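The values are calculated or read from the model by the stated rules, or taken from the named source; none is laboratory data. Since we're looking at a predicted model, the values are computed, not measured. Cβ placement follows ideal geometry from the backbone for every residue including glycine, while neighbour counts extend to all protein chains displayed. Side chains included, ligands, DNA and RNA excluded: accessible areas come from the protein's heavy atoms. Shrake-Rupley method; radii C 1.70, N 1.55, O 1.52, S 1.80 Å.
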Amino acid sequence: MVRRARPEDAEAVSTVHVRSWQAAYRGLVPQWYLDELDPRQRRPVWERRIREADWPRSGLLVAVRDERVVGFLGMNPVRDHDLSPEMVGEVATIYVDPRHWGEGVGGRLMRAGLENLASAGYREAALWVLKGNDRTRRFYEAGGWRADGTVKQDDTRGFPLEEVRYRRVLR
């Protein structure tokens with residue numbers, strides 16, 4: 001089941017976030033950084049994002065299985081200066097607990113997120129993905145996303161991460 005996140009989901013979202021980073025970004029992000037990730041430190045960030053959501057223009061969806069959060073998707077108006085935040089929504093985050101990879105959770109989250117962005121009035125969606133994250137790039141491409149040629153480097157964590165922007169038209 002996919003539903004809108006509630007404040008009490010923040011702890012589980014934080015755990016999924018950290019587990020996903022530690023599994024998906026091994027070899028792409030310095031190991032010391034992955035080892036230092038702590039769900040307790042991420043929890044206030046997710047509590048704030050859930051509480052401050054401007055639904056339906058921005059917010060967080062969670063995938064729940066057996067009453068446990070197993071994945072989440074965050075969306076908002078696009079933050080890129082070359083795209084219109086009135087017309088383009090951004091899938092800012094999508095993570096699934098690695099124990100549930102390959103079970104269709106990510107696909108269900110993405111479909112629900114894109115439906116929400118379309119119903120909020122966006123005509124297009126964008127997202128960013130690490131350049132070397134081939135597994136995730138294949139997932140996006142299978143879902144109709146296409147790299148648009150825009151690349152950026154994110155140095156906010158103290159080391160460089162090269163990201164590629166993907167876009168797709170919404171229904």
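Here are some notes:
- Anisotropy class of the chain from Cα gyration tensor, a/c 1.5 cut: rounded
- Apportionment of accessible area to carbon and sulfur, the chain, percent (1.4 Å): 47 percent
- The stretch 65-151: relative contact order as a whole-number percent, Cα under 8 Å and 6+ apart: 28 percent
- Label-to-label distance, nm, for residues given as Phe159 and Ala23 (7 Å Cα→Cβ offset): 2.1 nm
- From helices alone, the chain scores -10500 deg cm²/dmol at 222 nm; the rule is -39500 (n - 2.57) for each run of n ≥ 4 DSSP H residues, then divide by the residue total.
- Considering only Asn76, Asn116, Asn133, the Gaussian network model of the chain with Cα springs below 10 Å gives its largest mean-square fluctuation to Asn133.
- Dipole moment magnitude, nearest 20 debye, the stretch 1-86 about Cα centre, only Lys, Arg, Asp, Glu C-beta charged: 200 debye
- 1.4 Å probe accessible area per residue over the stretch 30-156, in Å²: 54 Å²
- Debye, to nearest 20: dipole size of the chain, +1 on Lys, Arg Cβ, -1 on Asp, Glu Cβ: 380 debye
- Potential extension, Arg79-Arg4 segment - 0.36 nm per residue separation minus Cα distance: 24.8 nm
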